[in-house]
Every structure is written in C-alpha cells, then in structure tokens.
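Here is the structure we will look at, set down as structure tokens.
Since every read-out is calculated from the coordinates, none of them should be taken as a lab result. Bear in mind that the values here come from a model prediction, so they are computed numbers and not experimental data. Glycine gets a Cβ as well: all are built from the backbone with ideal geometry, and neighbour counts include every protein chain shown.
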Amino acid sequence: MSDLTPPIKSTNFIRNQINSDIDSGLHSSVITRFPPEPNGYLHIGHAKSICLNFGIVKDYDGWCNLRFDDTNPAKEDIEYVNSIKKDIQWLGFDWNGEVKFSSSYFDIFYKCAEELISKGLAYVCFLSADETREYRGTLKQPGQNSPDRDTSIEQNKTLFKKMKEGDFKEGECVLRAKIDMSSSFMCMRDPTLYRIRFETHHQTNDDWCIYPMYDFAHCIGDAIEGVTHSLCTLEFQDNRRIYDWLLEHLDQFNKSDRPHQFEFSRLNLEYATTSKRKLKFLVDENHVSGWNDPRMPTISGLRRRGYTAASIRDFSERVGVSKVNSLTDVSILESSIRDDLNKTAPRTMAVINPIKLVIENYPEGKIESLNVPIHPQNEEMGTRMIFFSHEIYIDKEDFIEVVPNNKYKRLAINKEVRLRNAYVVKATHFDSDKDGNIKTVYCTYDPDTLGKNPSDGRKVKGVIHYVESSKAISAEFRIYDRLFLESNPAKFDDLSSSINPNSLEIKNGFIEPNLSNAKIEKAYQFEREGYFCRDSESEGLVFNKTVGLRDTWNQ
C-alpha cells in the first residue's frame, strides 16, 4: 500500500482508476503529461485537457509535464510553442521542470525503431500512399501484406539507415510496424512508424529528415518521462492498441509500471469548432482577424474577449469528465464567466447607442460630482466619481415616444425614470432628424430625489444609465455574436456556409471618464449593458463585449 493517500473525492472514472492504481501499489505517485502539437493555438477543448492533466495531479502530490509533440515540422512553428506556454500559465498551471520536446528524444526513437527491425517487427515499405490505402483493406475486408513485408532484417536495417541519411525522396518509402494486416482494428494493420520530411525543424534544424509518427513517439515519450497515466481523448481509443504493442515489444520499456493510456471524451462546444484544421481555415480565409479573434474558441481569443482563467477552469469542472462524446451547451461557458465577473468586475456606465438628454430645469454650466460604489455588493472595492449636468447621454433604446404597455420601465413622454445613482427625470418632448431618428430628448428633473424616492409618494420603477456629456470620453464598442449560425457547424464540409454574417457589430459611444486608463483585458460591467474588456490589439479605447448580463440567445 502506498503512503500516498488518494483524495476522498472520486468524481470520475479517471480518479477511480488512479485511486485503484495507488491502492494496489502499482504506482506510488501520479505523473501526467500535456502533449500538444505546435501547429496552432490552443482552444477551449485543450483547456479541458489542461485542467484535467495539470489539475488532477495536485490531488496526488504528482506533476504534469509539458511535452511538445513536434514530429511534423511541415506544420509547426515556434510561434505556436510560445503561445501554448503562455496559455497554460495564464490558465494558472505550470509544468514540471523544463519544457520537453519529442524532438529531444529523436535519438532514442531511432534506436527503438532499430530494435523493432532487429526483432523482425518493422520493415521499410515502398508502396505509394494510394497503394498503401488499397492494401490496407476495409472494415469488412482484411488487408493485404505489402510486397516489402518479408524483406530481410539486415536489408531493412540498411534501408532504414538510408532513409535517415536522406537517400530517398519524400513519400518514396516509410518504416512500418509488422503487426497484423487482418486485424479488425485498422490502426493495427502495419501502421507507419517513420516517414521522410525534408523540412527545417524549429528545434533540430536540419539534423533529421525522417520523423516519427505520433503513435510511435507518444508512448515512448511517456515511458521515457515515467508518465503513469496518459490521458487522451476518445479518438485515440483504438490507437491504445498500438501504444501497448510498442511498449510491450521494446525491452527498455516493457515493465509492470509502464505508462497506460486512458481516454475521455473531447470537448465539443455549440456554435464553435474545436478542430485546429478548421480554425486555421477560418484564419487563412480571413473569416476572422486571427487566432486570437474574440469570436474564436481559442484560449487567446477568449482571453482577449474578457474571459478569465478562473471562469474557464470553472467551466471545465462543470463539464466534467466522461467517456461519452456530446455537444456542450455554450450557455454553460457563458454562465461560468457571468458568475465570475458578477463578483469581481468593477461597475461603470457606458452609452453604446447615444442620444442626448437635455435637463431643462437643471442649471446650465453646473457640473455635479456624485460619489457612487464601484461594486454595490463589495464595499471593499471602494467608490468612483461620476458627474451630472444640464446635458447627458442616454441610450436611444431607453427612450420611446409612447409607452407600449404597463411593463415598460424606461423613459417616454410624460413618464418618469431614475437615472442610475442620480435623480428622477420626466421626458417632455424630443427632436428628430429629417429621417425621423430621435436626436435629443428634453426632460425635467426632481431635485429632491438624489438617493431617495419622491417625497410625495410617487413610485418610480424604471432605472436607466447615462454618461455626463462634457466629461464623456468617446469609445468604440465591439459587440460579438456567435460565429456560426448552426449549433453544430462540424456537420458542414464548408464551414463558410454556416458563418454568421452579423457575428461582429461595431458601435461608437461614450464612457465615464474613470475609464480613460482602463486596463487591457480587464473586465468591467457596463451597467445594464453587459461585461466588457479593453481590447489588447487596438490603440485607443476599444472595448470587446465579453457576455451579456443574462442569456438572451433563446429569448
């Protein structure tokens, strides 16, 4: 029995497995790894895996390695390496020791391939890609052996060395495992272990021209690092057979406590895609401004939009870990950020669709300073100064000429409302432009209603926000909607057919002067409007809408 005591909670099958392995004495510590390929930016699905791999080891006094699966230099870039490290740390996690790369183990991988060749378990195959697919067979028909399958061990050693030395062209040959061409699992029909790529690698430069496949490098990398529980998503479930086969046939790693792979369902989010290939398509075809576009489900896009690390960790916890693939309701993600920002975001006022409100009985030239809470439920956040004068800005949606029904609580002719943290006003008339658009509303105010109800018992139910005009600061507001019109865009071969043409709306309005130095990516609640943050990629005062105050998508 290990001295390591498992936590009392056991909330999913992975925790159950770990607890069982510790109880049985198979492992005395828990080591996981997060193995991203640096060929794109991390997305919300990766966030779930990060929270699982880095988070679960904390309960077992273990650690998690960050190991880049950099085995395909044609699609990889150091830009992605740096962005992935930044995203993991922003989420609140850190890896054990130095960042690791599969490329650091290329010498070991090569020797492992030689060992398999020496045991007659791998061979160099000269079938073309099309021929290989034809020979592999189908789900109903077994495959056929490659003509090169029975090449002698010595000849395969020579051919593999020639592959390493660059004597063959790309695609001319590959190294394949010799397993079973009649296996009911397609992945076991002599899978490719190595292929030729004449590409400069971001870590090893031009030292190598042969590169291992993920299935080959993954399990050996885990074994080298002493990983105990290799956590993968369900699409790798069948490939676990390759994982186990390789470690069982490599003498150095065929041990009782060798790594084992366990699969969980990947995160698929409504109105989004978590395919890196499709995300790259959106970037390359300019459907979005980049990987960190606030409409993208990438971690950098969510951060730029104002999502907090705490909200994403909370979302991952809410979604949970299971073995059933499903489409996750995006409202769960939005609920997580609302719950977080409701507690932490300072309150302020912004008028996104401004019209002027002239208070005719308020002295012209007078500007009144009002001290109001930064957060009504958190006195420790202090107060801020707002201003009030003869002219202010209100949102055009907060005025209508005639009250439509008894439920209407905003401003209308001969109707009273309270201005947030200020006085009660009553609209009297308005001006319109030649197209009938309301430009200015005129009203009177009750000077005896600052911070209290009218003295004669009048009940004023409505409250609207405003910004004083002389001190108002111009700002741009980017209002984001869901990027796709369909809840499951993955069902479309052509993603562009499902893109929402109104996923971004840009408006110009005014903010309180206290936001003149708003922090980048700091979230604020614009009262009655929603949560916004200052954009990190723009000069000037540009605010991205993070989420509304409530879910209005289905209303």
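Computed quantities for the displayed model
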| item | result |
| --- | --- |
| Computed [θ] at 222 nm, deg cm²/dmol, the chain (DSSP H ≥ 4; -39,500 (n - 2.57); rounded to nearest 500) | -7500 deg cm²/dmol |
| Value of Rg/Rh across the stretch 13-264 [Cα atoms, Kirkwood radius] | 0.97 |
| Proximal lysines relative to Lys439, as straight alpha-carbon distance under 26 Å, when same-chain residues fewer than 8 apart are discounted | Lys356, Lys366, Lys396, Lys407, Lys409, Lys415, Lys426, Lys461, Lys471, Lys507, Lys545 |
| Under 15 Å from the Cα of Lys75 - aspartates and glutamates, other chains or at least 8 residues apart | Glu37, Glu199, Asp284 |
| Size of charge dipole - the stretch 91-243 - debye, nearest 20, with Cβ of Lys, Arg +1 and Asp, Glu -1, no other charges | 480 |
| Listed residue (Gly97, Thr274, His218) projecting farthest to the positive dipole end of the chain, Cβ model | Thr274 |
| Given charges at Cβ of Lys, Arg, Asp, Glu: the stretch 350-465 dipole, positive-most of Thr444, Tyr408, Leu357 | Tyr408 |
| Ranked by how many other beta carbons lie within 10 Å on average, peptides 138-146, 504-512, 347-355, 535-543 from highest | 347-355, 504-512, 535-543, 138-146 |
| Charge dipole of the chain about the Cα centre (unit charges at C-beta), most positive-ward option of Ser474, Gly171, Pro147 | Ser474 |
| Computed label-point distance, nm, for sites Lys491 and Ser289 using a 7 Å Cα→Cβ extension | 3.2 |
| Reported label for calculated Cα Rg over 2.2 N^0.38 Å given [x] 0.99; [y] 1.26; [z] 1.17 | [y] |
| Cα long-axis angle, helix 106-118 against the chain (0 to 90 degrees, to the nearest 10) | 40 |
| Degrees, to the nearest 10: 214-225 long Cα axis against longest axis of the chain | 90 |
| Total charge dipole magnitude, the chain, about the Cα centre, Cβ charges on Lys, Arg, Asp, Glu only, Debye to nearest 20 | 1400 |
| Long-range HN-HN contacts of Gly137 with modeled amide H, under 5 Å | Gln144 |
| For the stretch 140-290: relative contact order, % (alpha-carbon pairs under 8 angstrom, 6 or more apart) | 16 |
| Cross-link partners of Lys323 among aspartates and glutamates (Cα-Cα below 13 Å; sequence separation of 8 or more within a chain) | Glu235, Glu263 |
| Distance in nm between pseudo-label sites at Asp130 and Ser538 (7 Å out along the Cβ direction from Cα) | 5.1 |
| Relative contact order (percent, whole number), the chain, Cα cutoff 8 Å, 6+ residue spacing | 12 |
| Calculated P(r) of the stretch 350-465 - Cα pairs past 16 Å, % | 62 |
| Paramagnetic reach from Lys356 (point 7 Å along Cα→Cβ, amide N under 17 Å) across the stretch 502-518 | 509-511 |
| Within the stretch 104-137: backbone nitrogen closer than 14 Å to the Asp167 label point (7 Å, Cα to C-beta) | 124 |
| Burial order of peptide ranges 194-206, 302-314 (average beta-carbon count within 10 Å, highest first) | 302-314, 194-206 |
